[in-house]
Amino acid sequence: MRSRILSLWLPHLSTDRLARDRPERAGRPLATYVSRDGACRLEAVSAAAEAAGLGPGTSLADAHALLPELEAVPADPDADRELLERLLVWGERYTPHLALDRSCPEDAGGSLWLDVTGCAHLFGGEDALLDDLCARLGRRGLAARGAIADAPGTAWALARHGGVGRSIVPPGGARVALAPLPVAALRLPSDMVRMLDRLGLARVDSLYPLPRQALAARFGDLLTRRLDQALGRIAEPISPAPPPRAHRAELLFAEPVAHAEALHGLTRRLLAELTSGLEAACLGVRRLALALYRVDNTVQTIGIGTSRPERDPRRLMRLFEEKLKGVDPGFGIERAILEAEVVEPLLPAPIAWRQMGAGDLDQARDLAPLVDRLAGRFGPASVVRLSPRPSHLPERAQAAVPVLHDPGRQRRPARRAAGGGGATAALLERAPDERAAVAPALCTDTPSRPLRLLARPEPIEAVAPLPDEPPVLFRWRRMVHKVVRVRGPERLAPEWWLEPDSDPDAVTRDYFAVEDAAGGRFWLFREGLWREGATLMPRWYLHGLFA
């Protein structure tokens, strides 16, 4: 049987992942960037940003100048790879032989190989399989292009340069299909592609009549090898993905299960088997997926998540009970697989806990079960928590994320150090000087951060003895407050890696914790540094309230 290989290309993988995490970003211009060659440069762009003329390699400053509404975030290759690995597992519905595509390091986005040899007839043919695959990914918020051919190189070329989102190359038709494509479709380095263009060899068919020895002598054996791989003359093996995760449980039924009530029993059996293995490995599950295979060749998958590692089968079963109500067994379920998609270390319960009563133990385990049930009933996005972000600016230091959101890998820490010019954040404390009779007294018992932070800083009118001194009087919401105690300043500089073209002196903040004559405590900051001869004076804002 002739092999049939599907090349699946996700051209906007990074930005599609960002839009999936925050649906309000859908359709907006997005980009990820990296620090390269002494500047921040775009690594990936969304379809909207690409339509505006942006592309990988553009400097972040030029990108913002061309498209001010562009939202750029640091690139996260680990998160992109994790998404691709999840797609490998998801893609097993089409074929058991899948692999990550690493054949071209300069390839943008993400790519997968699927060996669909002997599988297409289960979906009504290759056209139906490819349409179903791309449509399902589209509903998940992932733009996808794909092509099926005899050889991986042929499918790779058509998926990226075929001119349409989906291409099917008939058996033996590689030479004709590749002829009009650019030589970049052969997975060649960019410098070699430019050299071939200068020599007038811009299309693949321009290479067909040339002697192989002359091509190899001029460009090395890479060009001839890639051409032969694309034409199917050289075998290009695909290494399949590693075997399924070890933490899974499976049941096969001699007779299909056709009653919805029986699903609870088989789920309990699967949970008991799975959690016993997790306990032996000192692991707990964060996300579980139950796949139910019906006799009509369809699969129903339901999943649950927990706010922390868990392996108590009773608690996990309570989360599945809500989901099982919506399962339709159809003509019967012949196979069930329960798989732990995300696991984390979980040590055995301490001896002191084991000696507690059941009620005391439940109290000691805090509100995690309640959070999990609320998230299971109303959806993971309906229950949120505050998560720290890599920023030293108070309004950016936290973000509301779903409570079941997997904690991200540690990123670059907030920069906090003394330094001139406002390039970094510094904590500056100074004692009263000779102007103590004019300035308010030092407030020593006020914490450095308020309990209540305003959604956004509100402008105030402030009076200070000198431009770089704390205020003695300020007006907020039409009320005048006389300052009697003050602590600060705490200096926070701008995030220069996000706003490289901003003036540090213009947006540097000096925070003060102040107390007025009525006992109210406020968190103020002065934005901008006073400079002699400056036309604009620093501005004052109120950012938070102390208890």
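Could you give the C-alpha radius of gyration of segment 160-264 expressed as a fraction of 2.2 N^0.38 Å, taking N as the number of residues it contains?
Normalised Cα radius of gyration, segment 160-264: 1.78.
Under 1.5 on a/c is rounded, so check that first for segment 109-230, then, if it is not, pick prolate when a/b is larger than b/c and oblate when it is not; a ≥ b ≥ c are the square roots of the alpha carbon gyration tensor eigenvalues.
The shape class here is prolate.
With all distinct Cα pairs included, what does the Kirkwood hydrodynamic radius of segment 272-318 come out to in Å, to one decimal, could you say?
Hydrodynamic radius (Kirkwood, Cα only) of segment 272-318 equals 11.8 Å.
Report, to the nearest whole %, how much of the accessible area of segment 247-348 belongs to carbon and sulfur atoms, 1.4 Å probe, protein only.
Of the solvent-accessible surface of segment 247-348, carbon and sulfur hold 53 percent.
Could you tell me which of rounded, prolate or oblate describes segment 121-172, using a ≥ b ≥ c as the square roots of the eigenvalues of the alpha-carbon gyration tensor, with rounded for a/c under 1.5 and, failing that, prolate when a/b is larger than b/c and oblate otherwise?
Oblate, because a/c is 1.5 or more while a/b does not exceed b/c.
Over 10 Å intervals from 0, what percent of Cα-Cα pairs in segment 198-320 sits in each interval?
Here the calculated profile for segment 198-320 is 9, 28, 16, 8, 11, 17, 10, 0.
With label points built 7 Å along Cα→Cβ from the Cα atoms of Tyr208 and Asp37, find their separation and express it in nm.
It is 3.7 nm.
Please calculate how many Å² of accessible area segment 169-290 carries per residue, with a 1.4 Å probe and no DNA, RNA or ligand atoms counted.
53 Å²
Can you give the accessible area per residue of segment 1-126, in Å², using a 1.4 Å probe?
47 Å²
Roughly how large, in nm² to one decimal, is the mean projection of the convex hull of the alpha-carbon atoms in segment 261-341?
5.0 nm²
For the pair Arg531 and Gln300, what calculated FRET efficiency results from E = 1/(1 + (r/R0)^6), where r is the Cβ-Cβ distance and R0 = 56 Å, to the nearest 0.05?
Plugging the Cβ-Cβ distance into 1/(1 + (r/R0)^6) gives 0.25.
Quick one: if the Förster radius is 45 Å, what FRET efficiency do Glu24 and Ala517 give, using the C-beta to C-beta distance and rounding to 0.05?
0.55
Out of the total accessible area of segment 68-121 (probe 1.4 Å, heavy atoms of protein only), what percent is carbon and sulfur?
52 percent
Between Ala455 and Leu66, how high is the FRET efficiency from 1/(1 + (r/R0)^6) when r is the Cβ-Cβ distance and R₀ = 41 Å? Nearest 0.05.
It comes to 0.85.
State the extension gain, in nm to one decimal, for the chain segment bounded by Glu106 and Leu374, taking 0.36 nm per residue of separation less the distance between their alpha-carbons.
Length difference between fully extended and current span is 92.1 nm.
Expected output is a single nm value to one decimal: the length gained when fully extending between Lys325 and Val484, i.e. 0.36 nm times separation in residues minus the C-alpha distance. What is it?
Contour length minus Cα-Cα distance gives 51.0 nm.
The values are calculated or read from the model by the stated rules, or taken from the named source; none is laboratory data. Quick caveat, the model's predicted, so the values are computed rather than measured. For neighbour counting, all protein chains shown are included, and Cβ atoms are generated from backbone atoms with ideal geometry for every residue, glycine included. Ligands, DNA and RNA are stripped out before the accessible areas are found, and what is left, the full protein with its side chains, is counted by its heavy atoms. Shrake-Rupley method; radii C 1.70, N 1.55, O 1.52, S 1.80 Å.
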